[in-house]
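Values in this text are rule-based calculations from the coordinates and carry no lab data. Everything quoted here is computed from the prediction, not taken from an experiment. Here the Cβ is made from the backbone with ideal geometry for all residues, glycine too, and neighbour counts use every protein chain on show.
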Amino acid sequence: MTALRFGVAGLLLLPLFARRGLANLKLLPALFLACGAGAPYVLLTAGGLAFAPAGHMGLITPSCMLLCSTIGSYLILKDPLTTNRIVGVLAITLGLLALAWDGLANHGDLTWLGDAMFALGGAFWASYTIGSRVWRVEPLHATAVVGVLSAAVYVPGYAWFAGSDLAAAPWREIVIQAVFQGVLSAIIALLLYTRAVAILGAARGAVFAALVPTFSLLIAIPLLHELPTHLQLAGVVLVTAGMVFALGLHDPTKWRAVPRTATPR
């Protein structure tokens, strides 16, 4: 999956990267961003599923990412740590706990290793969130840097050691995953997320990662015919309420006024 994700994304973004290069970024910051949202992040979170259940990842990775982004935004970017933001983060964490409660009941001998990988993956994504703000990287350029550098570092080694595994998979599955992983996840999702962080800030932009398990739960209703439990529904409500507080949407006086356009005569 990692090879498909960044092999396709790196190939599609290569013309842009060839034209702009690293631009104002130096090599170490560029590699830092590529580690945060590139192949190392995917390998940690996906690899952790071999040792711990998905319910653990649904709780640990978004929670660690949100916590690290909030603290990093306060310490590095000097963003104010308001009471509303603290309340919002706590509510989101409780909501994620409710959503992942069923999966937390499953344990194994190496569950701790998977949990550690999920936590580290959340910290990696938070580092990308903070780094993109510190170096003020334009979203499309950041996406190209992550995609191309991840492809350059990871894909050759994968092709050398495990390329036959990919060739053994059905072509239909390869194409589907190439589009989903390489285009939707590695390019479009990262581009939109980076743009949101540029507009909202690192701490507020990181809040939206909590929607991943929530949307997974809701999408499973029509696609997999899986009905959520009362506890999971409570988790959705808590996550939503936490986002409202963390983004300051509970106070109408802080909403930005939208200028009205003149009515044509």
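Structure notes:
- Using a cutoff of 8 angstrom between alpha carbon atoms and counting only pairs six or more residues apart, the relative contact order for segment 83-217 works out to 43 percent.
- V244-L43 pseudo-label distance in nm [points 7 Å out on the Cα-to-Cβ vector]: 4.3 nm
- Segment 53-105: C-alpha gyration tensor shape, a/c 1.5 cut-off, then a/b vs b/c: oblate
- Most fluctuating residue given options S69, S132, S216, as computed from a GNM of the chain linking Cα atoms under 10 Å: S216
- Working from label points 7 Å from Cα in the Cα-to-Cβ sense, the I176 to L227 distance is 2.7 nm.
- Placing +1 on the Cβ of every Lys and Arg and -1 on the Cβ of every Asp and Glu, with nothing else charged, gives the chain a dipole about its Cα centre of roughly 1320 debye.
- Among P29, P80, P62: highest mean-square fluctuation, GNM of the chain, C-alpha pairs under 10 Å: P80
- In plain terms, the chain from A18 to W135 could stretch by 40.1 nm, reckoned as 0.36 nm per residue minus the Cα-Cα distance.
- Gain on full stretching of the segment that runs from L31 to N84 - 0.36 nm per residue minus C-alpha separation: 15.7 nm
- Among Y41, Y154, Y128, the largest mean-square fluctuation in a Gaussian network model of the chain (Cα springs under 10 Å) belongs to Y154.
- Across every direction, the projection of the convex hull enclosing the Cα atoms of segment 1-113 has a mean area of 9.5 nm².
- Between the residues A91, A142, V42, the greatest Cα displacement towards the positive end of the dipole of segment 2-250, with unit charges on the Cβ of Lys, Arg, Asp and Glu, is found for A142.
- Taking all Cα pairs closer than 8 Å and separated by 6 or more residues, the relative contact order of segment 2-250 comes to 38 percent.
- On the beta carbon distance between A234 and L11, with R0 = 45 Å, the FRET formula returns roughly 0.55.
- Label-point separation in nm, S216 to I199, each point 7 Å along Cα→Cβ: 2.6 nm
- Only helices enter this figure: runs of n ≥ 4 DSSP H residues, each worth -39500 (n - 2.57), summed and divided by the residues of the chain, yield -23000 deg cm²/dmol at 222 nm to the nearest 500.
- At q = 0.12, 0.13, 0.17 Å⁻¹, base-10 log of I(q)/I(0) for segment 2-250 (Debye sum, equal scatterers on each alpha carbon): -0.73, -0.85, -1.36
- Karplus (6.51, -1.76, 1.60) ³J(HN,Hα), θ = phi - 60°, over segment 151-156, in Hz, Gly and Pro reported as x: 5, 5, 7, 9, 4, x
- Taking other Cβ atoms within 10 Å as a rough exposure proxy, T2, T129, T240 sort from fewest to most as T240, T2, T129.
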